[in-house]
1. Identify all aspartates and glutamates with a Cα-Cα distance to K9 below 18 Å; exclude those on the same chain that are fewer than 8 residues away in sequence.
2. Please determine, in degrees from 0 to 90 and to the nearest 10, the orientation of helix 39-51 with respect to the longest principal axis defined by the Cα atoms of the chain, where the helix direction is its Cα long axis.
3. Please determine, in degrees from 0 to 90 and to the nearest 10, the orientation of helix 99-115 with respect to the longest principal axis defined by the Cα atoms of the chain, where the helix direction is its Cα long axis.
4. Quick check on the chain: of the DSSP beta bridges with both residues there, what percent are antiparallel, nearest 5%?
5. Subtracting the Cα-Cα distance from 0.36 nm times the residue separation, let me have the gained length for L135 to S120 in nm, one decimal.
6. 222 nm [θ] for the chain, helices only, -39500 (n - 2.57) per DSSP H run of 4+, per residue, to 500?
7. For region 25-34, take each phi angle, set θ = phi - 60°, evaluate the Karplus expression 6.51 cos²θ - 1.76 cosθ + 1.60, and give the result in whole Hz per residue in order, putting x for glycine and proline.
Amino acid sequence: MKAVIQRVKNASVTVEGQRISAIGQGLLVLLGVAEGDTERDAEVLAAKIANLRIFSDENDKMNLSLLTVGGEMLVVSQFTLCADCRKGRRPDFFSAAKPEEATRLYLYFCERIKNEGVPSVKTGEFGADMQVALLNDGPVTIIIDSGDLKK
């Protein structure tokens, strides 16, 4: 699994002109599920992200986690994170998990985030054409691959 984590002041998802999810201060997580990812990938990634100390403390040092600040999380599925751009000019997405498995692991990841203690977890709409709006705070953007965490 690959995640692009953005610390935000707010974020929202719109589908067909309707806002379906929105959060205030917290994290926007774009999540890509790859072929071969497992529940263990979701567990490791969820624990890492929920406890990642990327919010500022009273000394303006990144020292607080989402759990510490009581922030919200918006998780948006994004198979394009699994793009392979090594050949040609058009990315291929053959390494992305099949929709049924990707949906299952995406929802499992969201449940694991809730189990980590994140008070408010919102989602996009899996497989939909979504418009994602955000106000990045910092900006702070971090990319994590669950495969790197398991080594």
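1. Within reach: D57, E58, D60, E72, D137.
2. For 39-51 against the chain, the angle is about 30 degrees.
3. Orientation of helix 99-115: about 20 degrees from the principal axis.
4. Among the beta bridges of the chain, antiparallel pairing accounts for roughly 75 percent.
5. 3.6 nm
6. Taken over the chain, the calculation gives -7500 deg cm²/dmol.
7. Once θ is set to phi - 60°, the couplings for region 25-34 become 4, x, 10, 9, 10, 8, 10, x, 9, 9 Hz.
FYI, it's all coordinate maths here, none of it is from the lab. Computed from a prediction, not measured in an experiment: that's the story for all the values here.
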